[in-house]
Amino acid sequence: MTGIFTGSFDPFTVGHDDILRRALPLFSRIVIGVGVNERKQYMLSAEERCAAIRRIYEGEAKIEVKAYSDLTVDFARREGAAYIIKGVRSVKDFEYEREQADINRQLSGVETLLLYSDPRYSSVSSSMVRELIHFGQDVNRYLPPVKD
């Protein structure tokens, strides 16, 4: 069974990694969908984000990384995914993801699997990491290690 784990992942954080690793035993294949929204400004290009994530999971046969710029449900259909995997850090995240899940199910029948964030990572967000990078702070503790 295939699931997709989608987001802008600008950058991909330890929180994202935790959600993905916890979802991995549930699926035979997970496609990490790196979203591209032309209305958003990114720190890294889609190619850079995909390459960085691929380095993290190099050698993991069950994980693929692909960029997409259309609706998540269309990406799910192309990948043959039965589930969209999302992480939830807070009540605010839950409400947003619940609304998205309802619309995605109405549009396509694809279900959303919500996994709650490990409390250690509930304050970690891509926007927080980008802000720290902007001010020259070391962010290595917020980013998953890359395989050598």
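The values are calculated or read from the model by the stated rules, or taken from the named source; none is laboratory data. Just so we're clear, the structure is a prediction, and the values are computed from it rather than from any experiment. We place every Cβ from the backbone using ideal geometry, glycine too, and count neighbours over all the protein chains shown. The protein model used for the area step is the full one, side chains on, heavy atoms only, and it has no ligands, DNA or RNA in it. Shrake-Rupley method; radii C 1.70, N 1.55, O 1.52, S 1.80 Å.
Taking residues in the range 49-73 that are without any contact (Cβ under 8 Å) to a residue 60 or more places away in the chain, and partners anywhere that are open to solvent by less than 30 Å² (accessible area, probe 1.4 Å) and among the basic types (Lys, Arg), the pairs with Cβ atoms closer than 9 Å and at least 6 places apart or on different chains are VAL65/ARG49; ALA67/ARG49. Counting only helices (runs of 4 or more DSSP H) that sit wholly inside the range 61-148, those with at least 1 residues that are in contact with a strand residue (DSSP E or B) (Cβ under 8 Å, 6 or more places away or on another chain) and under 23 Å from LEU26 (Cα atoms) are 72-79, 91-108.
Within the range 18-42, which residues are in contact (Cβ under 8 Å) with a residue 60 or more places away in the chain and open to solvent by less than 20 Å² (accessible area, probe 1.4 Å)? Scanning the range 18-42 gives ILE19, LEU20, ALA23.
Looking at this structure, is PHE75 open to solvent by less than 70 Å² (accessible area, probe 1.4 Å), modelled with pLDDT of 95 or more, under 14 Å from the mean Cα position of the chain (by Cα) and among the aromatic types (Phe, Trp, Tyr)?
Criteria met by PHE75.
Restricting to the range 96-109, count the residues that are over 20 Å from HIS16 (Cβ atoms) and open to solvent by less than 80 Å² (accessible area, probe 1.4 Å). The total comes to 3.
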